[in-house]
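The values are calculated or read from the model by the stated rules, or taken from the named source; none is laboratory data. As the structure is a computational prediction, the values presented were derived from the model and not from experiment. With ideal geometry, Cβ positions are generated from the backbone for all residues, glycine too; neighbour counts draw on all protein chains shown.
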Amino acid sequence: MSETFTEELERLRAKLAAAEQALEAIRDGEADAILVPEDRGYRVFTLRGAEHPYRIFLEQMQEGAVALDRDGAIVYANRRTAEMLAAPLEKVMGSDLESWVAPASRSGFHAWLEQALAGAARCELDLIAMDGRLVPVCLSGRSPGGDEIPALCVVITDLTEPRRREEELRRQAELLAQARQELERQAAELARSNAELDQFASVLAHDLKEPLRAVLNYARLFEERCRDRLDARGERFLAHILAGAERLDRMIEGLLEFSRVTTRGRPLAPTDAEAVFRQACADLRALIEQTGASITHDPLPVVLADETQLLRVLENLLANALKFHGAEPPRVHVRAQRRQRHWVFAVSDNGVGIEPQEQERIFAPFQRGQAHADCPGDGLGLAIARRIVERHGGKIWVESTPGRGSTFYFSIPAAAEAVAHKAHHARAGHRPG
C-alpha cells in the first residue's frame, strides 16, 4: 500500500511539474494555448495547429490584443499589450484587466465590459502601466457569444501619440488664433496710423502751401513790376527764387500723393493693362513727339489692380525712359510675362542707364541717379511707383548697364483666368502702338 501511494504521489508530482512547465510556456508566449477557469483552478487548452497563423498575426500586431473570460480575467495577451503596460507578459497573463485600469476610469470600464459581453462595445479610458504612467487607450471589445472561451476578444489601441498630436494641434490652433488676433490688431493700428498720416499730410500740405503761394505770388508780382530795374544778377536771383518755390510746390504735391497711395487707393479689380498702356501713351503724347520716341509693346494682360495707380506707374516709367535718353531718340518696349500668380511687367529703354550702386537708392524719396541730376523732376516718381506696386502685393526693381539702357520690372497680381481670357479674346488681333 505504501509503495502504491508513493508511486501515485510521484505521478502527481510529474503531472504538476508538466502543468507548471506548460503554464510557464503559455505565459511566456511560447505556446499556442489559453487558460480556462474551473472550480479547481485553470485548465490548459492548446490551440489547434490550423490556428497557429492567427497567433502569429496577433503577435505581429502594432496594437494590443487580449482575450478575457466572463469575469474580466486575461486568458491571453500579445506582447504589444505587455509593452503598453511596461510589464512582463507573465504578469499580464492571468491578471484581471480591471487591475490595470486607472481608478478614475473604472466605472466606465464596468459599463463597457457589460456592453461588450452582450455583443460589442468601445470606450476610451486610462490604464496604469507598471512604471506608474497613465496610458490613454481605446478598448474595442466583441463577444463570440454563448458560453465559449474566451468570452471577450479585445483590441487595445494606445492613444498616447494621437493625444500628443491632438494636443499639439490644439496648441498650434491657439497660437494661430493669437497670431490672427495680433495681425488684426496690427491691421487696425496700421489703418489708424495711415488715417493719421493722411490727415497730417493734408494739414501739412495746406499749411506749407499757404506761405509758399504767397512767396510765389509776390515773386511773380515783383518780376512783373520791377524787371526793368534789375540787373543780370538780380534777374538770376529772382529766377532762382521762382524755380525753388515752384519745385517746393511740386514736392509738396508729390509728398501728398506718396502719403495717399494706401489711404486713398481704390479697391483692386480686374484691369486691362493694355488699355492703361494706351492711356499712358496718350497722356505723354507731347513728350513722345518732342523727343521723337518710339514706344512698342507686346500684348498686355488683364491684372488685378487699381487702374488709376497702375496708370501712374506706367506713366512714370515711360516718362523717365523718354527724359533720360542718350544721343539717339528714345526707344522703349513694354512687355509682360506670367510667373505663377503674378504678371511681371518690363519697361526697357536705350537711355543713359543707372550705376549699380544707385539701382536700389533711386526708389527712395528724393533720390536721383547722378546721370539724372540735371534733368527736371522732384525725385518722387519712383518712390511713388514702388509704394503703389507694394500696395498691390508686388515688387519693383531695375536692371541696368550705364550707357546702354535700363529695364524696370514690376509685378502685379494676375486677374482670374476667365476674366483674362474674355478680355484678350474681345480684343484679339488689336495691338495699339
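Tell me, please, whether a residue that is among the aliphatic types (A, V, I, L, M) and surrounded by fewer than 12 Cβ atoms within 10 Å (Cβ to Cβ) can be found in the stretch 236-243. Looking through the stretch 236-243, at least one residue is among the aliphatic types (A, V, I, L, M) and surrounded by fewer than 12 Cβ atoms within 10 Å (Cβ to Cβ). D249 meets all of the listed conditions (1) among the charged types (D, E, K, R); (2) surrounded by fewer than 16 Cβ atoms within 10 Å (Cβ to Cβ); (3) in the same structural domain as A201 (by TED's automatic domain parsing) but one, namely (2). Considering the stretch 66-113, and only residues there that are under 49 Å from the mean Cα position of the chain (by Cα) and among the acidic types (D, E), the residue that is nearest to T157 (Cα to Cα) turns out to be E83. Take the conditions (1) touching a Leu at 6+ places or on another chain (Cβ under 9 Å); (2) in contact (Cβ under 8 Å) with a residue 24 or more places away in the chain; E223 misses just one of them, which is (2).
Being out of contact with any Leu (no Cβ under 9 Å at 6 or more places or on another chain), of a type outside the set (K, R) and crowded, with 20+ Cβ neighbours inside 10 Å: is that true of V344 here? So V344 fails the test.
Has the stretch 152-166 got at least one residue that is of a type in the set (S, T, Y) and either exposed (fewer than 10 other Cβ atoms within 10 Å of the Cβ) or in a strand (DSSP E or B) (or both)?
yes
One residue alone among L176, L221, L212 is out of contact with any Phe, Trp or Tyr (no Cβ under 9 Å at 6 or more places or on another chain), at pLDDT 85 or above and within 14 Å of I241 (Cβ to Cβ), and that residue is L221. Is it the case, given these coordinates, that A428 is within 26 Å of the chain's Cα centre (by Cα) and modelled with pLDDT under 80? In short, no. For the stretch 69-125, the helices (runs of 4 or more DSSP H) that sit wholly inside it and include 3 or more residues that are assigned by TED's automatic domain parsing to the domain that holds V137 and touching a strand residue (DSSP E or B) at 6+ places or on another chain (Cβ under 7 Å) are 79-84, 106-118.
So which of G292, G381, G394, G351 is more than 37 Å from the chain's Cα centre (by Cα) and in contact (Cβ under 8 Å) with a residue 40 or more places away in the chain? First the steps, then the outcome.
Numbers: G292 fails: in contact (Cβ under 8 Å) with a residue 40 or more places away in the chain; G381 fails: more than 37 Å from the chain's Cα centre (by Cα); G394 fails: more than 37 Å from the chain's Cα centre (by Cα).
Exactly one of G292, G381, G394, G351 is more than 37 Å from the chain's Cα centre (by Cα) and in contact (Cβ under 8 Å) with a residue 40 or more places away in the chain, namely G351.
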